[in-house]
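K.L.:
My questions all concern the structure below.
Laboratory data are not the source of any read-out in this text; all were calculated from the coordinates shown. What you are looking at is a predicted structure, and each value in this text was computed from that prediction instead of being measured. Here the Cβ positions follow ideal geometry from the backbone for every residue, glycine too, while neighbour counts run over all protein chains shown.
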Amino acid sequence: MYGIAAPKSTPAEIIGKLNHEINAAFADPKIKARLIELAGMVLGGSPTDFGNPLAEETDKWAKVVKFSGAKPD
C-alpha cells in the first residue's frame, strides 16, 4: 500500500485542500495511467479511507512481531 501523508499537526483545512487536489489528480487519465504503471492501482478517497486500513495493518503486524518474540538487533 502506498499513500500520501502529512504530519499529524497539519491543519484540517490544509488536509482538506490536499485531499481535494490529490483526488482531482487521480481523476486525470494521464496521471492515473502513469500511477497504475508504477503502483498497480489508484484509489482516491478521504484521509479516513486511507488511515483505517493502514491502522489495521499496523495492528496486525504488531501482534505478529510481538508473538514471534523478535527483537531489534
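Listed here are the residues, each with its yes/no results for (1) small (Gly, Ala, Ser); (2) in contact with a helix residue (DSSP H, G or I) (Cβ under 6 Å, 6 or more places away or on another chain); (3) in contact (Cβ under 8 Å) with a residue 24 or more places away in the chain.
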{"site": "Tyr2", "(1), (2), (3)": "no, yes, yes"}
{"site": "Thr10", "(1), (2), (3)": "no, no, no"}
{"site": "Leu18", "(1), (2), (3)": "no, no, no"}
{"site": "Arg34", "(1), (2), (3)": "no, no, no"}
{"site": "Met41", "(1), (2), (3)": "no, no, no"}
{"site": "Gly51", "(1), (2), (3)": "yes, no, no"}
{"site": "Leu54", "(1), (2), (3)": "no, no, yes"}
{"site": "Asp59", "(1), (2), (3)": "no, no, no"}
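K.L.:
In segment 20-32, which residues are in a helix (DSSP H, G or I) and over 16 Å from Tyr2 (Cβ atoms)?
P.N.:
In the first step, residues of segment 20-32 are kept if they are in a helix (DSSP H, G or I); the result is 20-27, 29-32.
Of everything in segment 20-32, those that are in a helix (DSSP H, G or I) and over 16 Å from Tyr2 (Cβ atoms) turn out to be His20, Glu21, Ala24, Ala27, Pro29, Lys30.
K.L.:
Can you tell me which of (1) free of Cβ contacts under 8 Å to residues at least 24 places away in the same chain; (2) surrounded by 12 or more Cβ atoms within 10 Å (Cβ to Cβ); (3) in a helix (DSSP H, G or I) is the one Ala6 doesn't meet?
P.N.:
(3)
K.L.:
A follow-up question, please. Scanning segment 33-73 for residues that are basic (Lys, Arg) and loosely packed, with under 11 Cβ neighbours inside 10 Å, which turns out farthest from Gly3 (Cα to Cα)?
P.N.:
Within segment 33-73, the subset basic (Lys, Arg) is 34, 60, 63, 66, 71.
Within this subset, residues satisfying the condition of being loosely packed, with under 11 Cβ neighbours inside 10 Å are 60, 63, 66, 71.
On the way: Lys60: 19, Lys63: 23, Lys66: 26, Lys71: 28 Å.
That would be Lys71.
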